[in-house]
Structures are given as structure tokens and as C-alpha cells.
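The structure appears right after this line, and notes come after that.
The values are calculated or read from the model by the stated rules, or taken from the named source; none is laboratory data. In this text, all values refer to a predicted model and were calculated from it rather than measured experimentally. Virtual Cβ from ideal backbone geometry, glycine too; neighbours counted across all protein chains shown.
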Amino acid sequence: MRPIDRRGFVLPLTLAALMLVGILVTGLALTARAEVREGADAMDAQRAASAARLGLLNTLLTWNRDRHAALAVGAAAVPDTLVTAGGALVESRLVRTGRNAWWIESIGMAHPAQQPLGVIERIGVSLRADLPVISTPAVLTVRGPAEVRGFAAVSGTDGIPAGWSGVCPVGGVPDIAGVAAPDTALVCGGAGCASSSAPWISGTPAELESAVAADPRTYDTFGDLGVAVMHQRADITLPGGTYTPAPAATGGACTHGTLNWGDPARAGPCADHYPVVHITGNVTLDAGSAGQGILVVDGSVVLDGPVTFVGVIIAGDDIVTSGPGVRVWGRVLAANIDPVSSTRIDGDARLQFAACALDRALIGASPLVPVRGRPWVTLR
Amino acid sequence: MLIELRSRAGFTLIELLVTLAVGSIVAGSVAGILLRQQRTHIGLSAIVERRTQLRHATNILEAAVRDAAPAEGDVVARSDSSLDFLAPLGAGVMCDTLPARAGVVLAPDSVSAGYSFGFQRDTPRAGDVLFVLSEGPSDAGSDDAWESHVVAGVGRSIPPCPASPLLHPVLDAGRAELSIAFAAGDALGAGVRMGAPVRFARRARFRFYRSGGDWWLGRSDLGAAGWASVQPVSGPYRSYAVPGGPTGIAFAWFDTAGIALPPLSGAATLGRLTITARTRTTRSLAVPGMRRGPYDDSLAMHIALRNVP
């Protein structure tokens, strides 16, 4: 039997319809996929942005102050990296851009394992060191009587402490006064305090009669920072007593502790440790003491040499030195709350202005904070 | 006469009728499916497009305003549907000054050491505003201030800042960087030091406006020749309605404590902006699982301004 040739249109029609349906379904799937992808991209952007913010804040809040003073202008610290709970990676890097200017760039990556790296968010913040302003007109500023005796010397000539030549350039800073007091009649030099101040006191001028020295605010207000803030900011708070601070290190790393006030000889890993130390009474620093940073003492300070300190000493009462080898580089303030006693620099003590070392100590002892007004920047 | 009978293959009437009936049923079903698919496709595409527009509006506004500094005077005017402000453009670090301190040279955005000093969202041009941080006469933060200078000229400096420690003298020597000149008679103050942070801004307006019968979010920038015409950046949205109504784009302003601010006061204390965008399709959509009719959608975004005290 011969097969009958049957031609129809249902099959082609069905195939064409299926094809059209397929095209529409594919279009729908692509549309939905685009929507999902857009949503995922938005989520990734949020994840990366959150990571960048977290990394930046983490770097700021956990920053070890030993690091930023040590950075030269133009140098960057080793980046901090952090992986968030959501798997995003963030890398934050601090760069010093000026004497008192730093910049953190934080890069958040939503999917760091992907190549190329998925969504990346970059933010930055400009920072400054929240410095106390120590702008007293002399290397030794007193609110009461001051004697410089024996072989001691107070010098307002800018100098560089031993061991600091590698980080402090020579010269360029004008000299300051040797001793500033409310009345220069209260200041004397030489044996028995009967001679003129030279050569015990030198500077430009050697002695300065200054209303700043008479003003009590000079001794408890340092720019924007009151003495209470300095107390809160103290890394080390100790009761009055006798101490022998000295640098301490373990395994090549500086070990922070209540009696490690940094290394003013810059001979070890504590060279850039500049603590703020608050003593709540009178203090005697015994022979062999060494420290740097900011020393705030509610009462009097006795330096029983040899003692080396770089930075600023703020005494509620007087400063007394004795014995050989007392070396203080920076500035000293004595508020003289007890009018009966007086500041006495004796032995072969030397108090000398050291602008660069003082600046480094103050910066190292101060936290980094965002600059006012416009610190934050989105970098994309 | 001999008649040759041939076998003629063909359809019987019944076959034809059955085929036509079946074919009609199949074609009708297919057409119905196709129509529904097409409507669904059109509907979903419209929904995706509207959602994209909503995201677009909030993303554009977020990127534009989040680095603004209201306490520094960046917000000039604002309402429930407009914003006139200094839009942040970029940032950098000053590595040199022009002669007579009549301008600045910026460190390159990225240097050979692998880190960056800034970013320019758009190259500054004449009429833009440059802010540079002045440290003031002392180290205290309270006397720091952002100096404001109008950009008069923009050039490229090669090599940038040859004496600056921010750059490698050899590896960064070929990098060009922005050199910004101020208007005649303008100069940097004494408190601006090397390494100072720099910001750029351009006066801009966002406005919810009507064009061609639709409502759009538009932007206009101020240039040396004056305000440019408003260009739509996102839309269309639902039409404007008074505050509280279902308006297309609504701005709500809050201070740093989260208290709502009226449009005409408290600009310096601005801390947060809430943007609500609402859209509605002009045509009725027929998408399975959704009520038949115009599609409504909205998106709200809370933007905490970063540069607030």
C-alpha cells in the first residue's frame, strides 16, 4: 500500500510558537537576571563601603602612637589588613604628608578571592595630631623664684640631644629665652645666687620678664587642651613617689609598661615611644632614669642625676635637680603652687631647648584625629 | 474512450474540518500564551526599569552629598524637592605652591610607592572652589580653618613638586599633576603648609522638575559662564505633591541629633538627609501575581553626612 502524502501546518505552527515562547521566556530570564545582578552589585558596593569604613576606623582606634611620629614626611606605615565577618577584605594605610598632616586611605573589597576583584570602595580621611600647644617663651618658665647654681646651665639655644642627629636636622630654629618669670628679680644664677645670670642662663634673652609666666593658665591650658584632658590622655598614671623609668624591650619590640617612658638615647626599639605620664603627687626620678614624651606632675619634680628626659615637663610646683648628669631637652614649666619653695637647677644639670626633639615628642605623645570640617573623602 | 483512473492523495472534508478545528484550538492557545508572556515581559521590564531609576536617583544623590560639609557652609539652600550646594569633586594633597602663593600644585593621585594622595571625580575647572586646610598660627586644632579659593586656571605640572618628599625624585618624575591658579590678587594664607589637604567643590543644584509632561530629578552646575541648564539625571517619577503627599522625589532634612529641620534654618547643623523616590508606570501592567493596574514603587535612603562635627 502506498503511503499517503499528508501535508499539514500544525507541527510548524507548534514549533514556531514554542520558539516564540522560548524567546520570551529567555528574555524574562535575562531581565530577572539583570535585576538580580543589579541588586547583588548594590549589596557588594554596600559591603565594600562598610568594609572600607570599618578598616579605617579600626586603624584609627587601634593605632599605636609609637608609629606615627616615626614616619618621615612622604613615608607610609605598613598597611593594616582586616577580613570582615562577611568575608570582605579591607586594607588601610597611613601616609604622613606634612609635619602635622596624615592621610589614611582605606580600600574595601567585597570579594577579595575573585579575579578581577569584584566591587572595590575607597575612602580616605585627613588627620592631624591633637597636640598640646606648649608655647612658653623660655626653656624654663616659672611662676615663682628660680635659681641656677653650681655648674648647671639653662640654655634657650636650639640643640640636638645625643643620638637624635639622624632624625633632627641642625639649625633653622630661632633661639628662645633661657628663663621666663613674672619678675626677673626672682631669677638668679651662680654660686649663692649672687651673680648675674651669665653664664648659667643663656638664650634670647637669657632672662625674660613675661606676663605669660605669671598667668596660671600657662601651666594648665595647652592650646585646646586643659590639664584635665592631659590627665585623661595619660598612658601612665602613677602616685607620687620615687621612680627610675628606663626603656624596656622584649624580643626586639618595645614593651610598654608603667616604668618604660621611652628611650631618649634612641638606642633601641623604644626610640619612638613617647608616653604621656601623669604623677598625682611629688616625684623623684632617681639616678639612671630615662624618659621622653610629656611628664605632667601635680606636685614638685626632683631629678636626682644622672637623669635624661626629652620632651616637656609640666610641674604643679617646682623643679629641683641635683647630682651629676641631669639632661633635659625641650621645655620645662613650673607653676610654683607653693610660694615658699623655689625651682633650683643645681649640680651640672643642663636644661636645653631642642625644637625638633620636642616637636617629635609632642607629636608622638598625641593621638591622630580627623581634621576639622572636611576630613572624609570618597575616592571613586 | 479509455479513462485512466489515478489515485489522488488529499484530505477528505472531514479531515480538513478536524485539522482546522485542532489547529484553531492550538493556535488560540499559543496566541494566548504568547500574549500573556508578552504582557508579563513588558510588565516586568517596566518594573525593572522603574526600580533601576529609583536606585539611580538615590545613588546619584548619595554620591553627590555624603562628603558635603554643612558646618563649613556647603549647603546653600534646600527645600523638600531641591538642593543647592557645593558638591564635592575630589581631594588631594598640596606638594608645592605657585609663585607668590597664588595657587597650588597637587601631589599625583597615585605615586610609585603604591599609595594615593587623592582622587578627582571630575577635573576641576575655572569657577570651581578649592579648599585648603590652614593650620593657623598655632598647633591647636581650634585655629585650623579651610581656606576657600576660586579656581581661575588649571594646568598640569611636570615634574610635580620636584623638591617634595611626597614623591620619588626619579620614579615619580614623569607624573603630571594638577596645578591650580587662583584669581588675580588671591593667595594662600601663611597657615597653609606643605602637605596640607585640599578639596575641590562645584556649586550644583538638584531639582525635582517637570519637563515634557513628566517629572524628573535634574542637576545643574555653576560654571564660569553661569548656571548650566537643568539636565535630567533620573526619572520619570510621580508628580510633585505637597510635603506629606506621595511626591516623586522628597528630601527630608535632619540635624546631627536626628531632629527634623525646616527648609530655611539650621543648615550648619545638618547631619542626615532622607531621600524618598516614588514612581508609577503610566500604563496598566498585567503581571501574574500582581494587581492589575499602574505599578507603584518607592525607595527611601537615609544618607548620614560624613563631614559633620
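The table below lists the values:
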quantity: Which numbered condition A:Val125 fails, given (1) closer than 15 Å to A:Ala334 by Cβ; (2) outside any loop (DSSP other than H, G, I, E, B); (3) within 14 Å of chain B (Cβ to nearest Cβ); (4) not charged (D, E, K, R); calculated: (1)
quantity: Criterion (surrounded by 17 or more Cβ atoms within 10 Å (Cβ to Cβ) and modelled with pLDDT of 95 or more) met by exactly one of A:Ala234, A:Ala206; calculated: A:Ala234
quantity: Single residue of A:Leu30, A:Leu56 found to be in a helix (DSSP H, G or I) and either modelled with pLDDT of 85 or more or touching a Phe, Trp or Tyr at 6+ places or on another chain (Cβ under 6 Å) (or both); calculated: A:Leu56
quantity: Extreme residue, nearest to B:Val242 (Cα to Cα), among residues of the range B:40-58 that are surrounded by fewer than 17 Cβ atoms within 10 Å (Cβ to Cβ) and out of contact with any Leu (no Cβ under 8 Å at 6 or more places or on another chain); calculated: B:His56
quantity: Of all residues in the range A:48-67 being of a type in the set (S, T, N, Q) and touching a Leu at 6+ places or on another chain (Cβ under 7 Å), the one that is nearest to the other protein chains (Cβ to nearest Cβ); calculated: A:Thr59
quantity: Candidates A:Glu91, A:Glu35 - the one that is surrounded by 15 or more Cβ atoms within 10 Å (Cβ to Cβ), modelled with pLDDT of 85 or more, within 13 Å of another protein chain (Cβ to nearest Cβ) and touching a helix residue (DSSP H, G or I) at 6+ places or on another chain (Cβ under 9 Å); calculated: A:Glu91
quantity: Of residues in the range B:59-74 being within 8 Å of chain A (Cβ to nearest Cβ) and over 21 Å from A:Arg122 (Cα atoms), the one surrounded by the most Cβ atoms within 10 Å (Cβ to Cβ); calculated: B:Glu72
quantity: Residues located in the range B:165-178, provided they are in contact with a Ser or Thr (Cβ under 6 Å, 6 or more places away or on another chain), more than 11 Å from chain A (Cβ to nearest Cβ) and surrounded by fewer than 20 Cβ atoms within 10 Å (Cβ to Cβ); calculated: B:Leu171
quantity: Test: residue in the range B:135-154 that is in a loop (DSSP other than H, G, I, E, B), of a type outside the set (Asp, Glu), within 12 Å of chain A (Cβ to nearest Cβ) and closer than 25 Å to A:Ile123 by Cα; calculated: no
quantity: All positions within the range A:247-264 that are part of a loop (DSSP other than H, G, I, E, B) and of a type outside the set (A, V, I, L, M, F, W, C); calculated: A:Pro247, A:Gly251, A:Gly252, A:Thr255, A:His256, A:Gly257, A:Thr258, A:Asn260, A:Gly262, A:Asp263, A:Pro264
quantity: In the range B:296-308, residue farthest from B:Ala63 (Cα to Cα) [restricted to those that are more than 17 Å from the chain's Cα centre (by Cα) and more than 14 Å from every other protein chain (Cβ to nearest Cβ)]; calculated: B:Asp296
quantity: Residue check for B:Thr40: out of contact with any Ser or Thr (no Cβ under 7 Å at 6 or more places or on another chain), over 30 Å from B:Arg202 (Cα atoms) and facing another protein chain (nearest Cβ under 9 Å); calculated: yes
quantity: Selected residue [under 16 Å from the mean Cα position of the chain (by Cα), more than 12 Å from every other protein chain (Cβ to nearest Cβ) and surrounded by fewer than 20 Cβ atoms within 10 Å (Cβ to Cβ)] from A:Ala70, A:Ala85; calculated: A:Ala70
quantity: Verdict on B:Asp214 being in contact (Cβ under 8 Å) with a residue 40 or more places away in the chain and among the acidic types (Asp, Glu); calculated: no
quantity: Residue that is of a type in the set (D, E, K, R) and either within 14 Å of chain B (Cβ to nearest Cβ) or touching a helix residue (DSSP H, G or I) at 6+ places or on another chain (Cβ under 6 Å) (or both), where the choices are A:Arg344, A:Arg374, A:Arg266; calculated: A:Arg374
quantity: Residue among B:Leu217, B:Leu188 that alone is assigned to a strand (DSSP E or B) and in contact with a helix residue (DSSP H, G or I) (Cβ under 8 Å, 6 or more places away or on another chain); calculated: B:Leu217
quantity: The range A:38-67, residues that are surrounded by fewer than 16 Cβ atoms within 10 Å (Cβ to Cβ) and either in contact with a Cys (Cβ under 8 Å, 6 or more places away or on another chain) or among the charged types (D, E, K, R) (or both); calculated: A:Glu38, A:Asp41, A:Arg67
quantity: Restricting the range B:283-295 to residues that are among the aliphatic types (A, V, I, L, M) and away from chain A (no Cβ under 13 Å), the residue that is surrounded by the fewest Cβ atoms within 10 Å (Cβ to Cβ); calculated: B:Met290
quantity: Matching option when the condition is surrounded by 19 or more Cβ atoms within 10 Å (Cβ to Cβ), under 25 Å from the mean Cα position of the chain (by Cα) and part of a loop (DSSP other than H, G, I, E, B), among A:Gly159, A:Gly144, A:Gly163; calculated: A:Gly159
quantity: Whichever residue in the range B:115-134 is of a type in the set (A, V, I, L, M, F, W, C) and part of a loop (DSSP other than H, G, I, E, B) and, among such residues, is nearest to the other protein chains (Cβ to nearest Cβ); calculated: B:Phe117
quantity: Filter result for A:Ala354 (away from chain B (no Cβ under 13 Å), out of contact with any Ser or Thr (no Cβ under 9 Å at 6 or more places or on another chain) and among the aliphatic types (A, V, I, L, M)); calculated: yes
